[in-house]
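Here's a structure for you.
Read-outs: derived from the displayed coordinates by stated rules, not from any lab. Predicted model only: the values in this text are computed from it and were never measured. Don't worry about glycine lacking a Cβ; one is built from the backbone with ideal geometry, like all the others, and counts go over all protein chains shown.
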Amino acid sequence: MIGDKKIVFSGVQPSGNLTIGNYLGAIKNFSRFSEDYKTFYCVVDLHSITVRQVPAELRRRTYETLALYMACGLDEKKNTLFVQSHVPAHAELGWILDCYTMFGELSRMTQFKDKSQKHAENINAGLFTYPALMAADILLYQTDLVPVGIDQKQHLELARDVAARFNQIYGDTFTIPEGYIPTDTMKIASLAEPTSKMSKSDPNPNACVYILDSKDDIMRKFKKAVTDSDASVRYSEDKPGVSNLMTIYRAFTGKSLEEIEREFDGRGYGDFKLAVGEACADGLAPVREEFARLMADKAYLEQVMKNGADEAAYYARKTMSKVRRKIGFVN
Ligand code: ATP
Ligand code: LTN
């Protein structure tokens, strides 16, 4: 608790252009906590170097991710917005938690298995211990609630296990965090391969709709989206492509799945795809405009980062001094 408020923490990697998966699964939900919780939203640049990044792009994307947080409705005065590498306590607690996280636990992480397949030439130690750093992010702020997409559930459970293990050895040190996983949009699928997750590092540009795509691009990508040969707009496990489009349409229009099925009853996929594209482009238009406005003022973004890091560091320091004392480090 900070004052009388519970604590929310989440992070997004500046590892690519953010997709509507990141938007609907995570960022769009962040602002709902701004009033009633103490919220920390972080651009996790330390995590992103587990995969090789081009330095100039990493720097640009770090600004962009912060600007997108703000453009998606996070008021910098009501939320602590900051960059992970600006608060060294993340790396410090990350190392400490490495020593309380088991090789076997890390070996079971599906993200590690996926990413080591995708980046077979660079299976580095950071990629393996990634979840311990994520646990550090969360535990450093005594976080109660972590809004994320379903793909992060396994990492979150590990963070809970590590916290419980540490508390068991040293007495109450960390709050055990809970996940907040939105049921409607926890997994937005790729438009090209609807059985896998839409991921910003997917090399196929037609697989993803990016938050900052132009309306033309959005319309084109939805037109090309993989569906099936059945031609009926119906939500069903054996229709992953259409079901994914319905999920996206529902998220942008607020209509229920039944309403959507009725709306497109007897009409082909062509009409439906156009409607999904329109709804998505219209929903994102204000985000795009606000983003452009924010990116034009780098100095202001730097000010926001700095204020955020100062505030985050203040709370991180409190946890770190407790951790150091418990472990037996000389003060
Ligand atoms: P990468 O492809 O670089 O691994 P990513 O697209 O998975 O990245 P992250 O930065 O790892 O994105 O995730 C940021 C947040 O967005 C996380 O909370 C994650 O669960 C959520 N998220 C990412 N992709 C999706 C998706 N397709 N559907 C729902 N939520 C998602
Ligand atoms: N691992 C997450 C990003 C992330 C995160 C966090 C999310 C890093 N630290 C702390 C929530 C809380 C991802 O890949 N999406």
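Taking GluC sites (Glu not before Pro) as candidate sites, keep only those in a DSSP loop with at most 12 other Cβ atoms within 10 Å, then name the longest stretch of the chain containing none of them. Each step should come with its number before you reach the end.
Details: sites that count: Glu35, Glu121, Glu237.
Segment 122-236 is the longest.
So if I restrict to the alpha-carbon atoms in region 184-319, what is the Rg, and what is Dmax, the biggest pairwise distance, in Å?
18.7, 61
Along the positive direction of the dipole of region 103-173 (beta-carbon charges: Lys, Arg +1; Asp, Glu -1; about the Cα centre), which of Val162, Ile123, Leu140 reaches farthest?
In region 103-173, that residue is Ile123.
Can you tell me the Rg and Dmax of region 1-102, counting just the alpha carbons, in angstroms?
That works out to 14.4, 42 Å for Rg and Dmax.
In region 129-143, which residues have a backbone nitrogen under 13 Å from the label point lying 7 Å from Arg325's Cα in the Cα-to-Cβ direction?
Residues passing the 13 Å test: none.
On to the next question. Could you work out the local net charge near Glu278, counting Lys and Arg as +1, Asp and Glu as -1, over the other residues with Cβ closer than 11 Å to its Cβ?
Working: positive: Lys215, Lys273; negative: Asp271, Asp282.
Here the charged neighbours net out to 0.
Please state the Cα pair-distance histogram of region 63-210 with 5 angstrom bins from zero: what percent is in each bin?
Result returned by the calculation: 2, 8, 14, 17, 21, 18, 12, 6, 1, 0, 0.
Quick query: amide H of Gly179 versus all other amide H atoms, modeled in the peptide plane; which residues come in under 5 Å with a sequence gap of 5 or more or a different chain?
Val146
Give me the Debye-computed log₁₀ of I(q)/I(0) at q = 0.08 Å⁻¹ for the chain, equal point scatterers on Cα only, no solvent, two decimals.
Log10 I(q)/I(0), no solvent term: -0.39.
Among residues other than Ile327 whose Cβ falls under 14 Å from its Cβ, what is the net charge (Lys/Arg +1, Asp/Glu -1)? Please list the in-between numbers first.
Working: positive: Arg165, Lys322, Arg324, Arg325, Lys326; negative: Glu92, Asp98.
So the surrounding residues net to +3.
From the phi angles alone, apply the Karplus equation (6.51, -1.76, 1.60; θ = phi - 60°) to region 163-177 and give each ³J(HN,Hα) in whole Hz, x where the residue is Gly or Pro.
The phi angles translate into 4, 5, 5, 4, 4, 5, 6, 10, x, 3, 10, 10, 6, 7, x Hz.
Another question about this same structure. Amide H neighbours of Thr39 under 5 Å, counting only residues 5+ apart in sequence or on other chains, H built in-plane at 1.01 Å?
Residues meeting the amide H criterion: Val8, Thr80.
Compute the label zone of Lys223 within region 243-265: residues whose backbone N is under 20 Å from the point 7 Å along Cα-to-Cβ.
Residues 245-246, 249 fall inside that zone.
Taking the Cβ of each residue in Ile138, Ile20, Ile176 as the centre, tally the other Cβ atoms inside 10 Å and list the residues starting with the fewest. Walk me through the numbers on the way to the answer.
Values: Ile138 28, Ile20 24, Ile176 14.
Neighbour counts put them in this order, fewest first: Ile176, Ile20, Ile138.
Where does the chain land at 222 nm, in deg cm²/dmol rounded to the nearest 500, when only DSSP H runs of n ≥ 4 count, each adding -39500 (n - 2.57), divided by all residues? Please report the intermediate quantities before stating the final value.
Numbers: 12 runs with 167 residues, N = 331.
So the calculated ellipticity at 222 nm is -16000 deg cm²/dmol.
Let me ask something additional. So if R0 is 25 Å, what FRET efficiency would Ser232 and Glu193 give, r being the distance between their Cβ atoms, rounded to the nearest 0.05? Could the numbers behind the result be given before it?
Numbers: r = 21 Å, r/R0 = 0.86.
Efficiency for this residue pair is about 0.70.
Right, another one. For Ile211, which sequence-distant residues (separation of 5 or more, or a different chain) have an amide H within less than 5 Å of its own amide H, given hydrogens modelled in the peptide plane?
Answer set, sorted by chain and number: Leu18, Thr19, Ile20.
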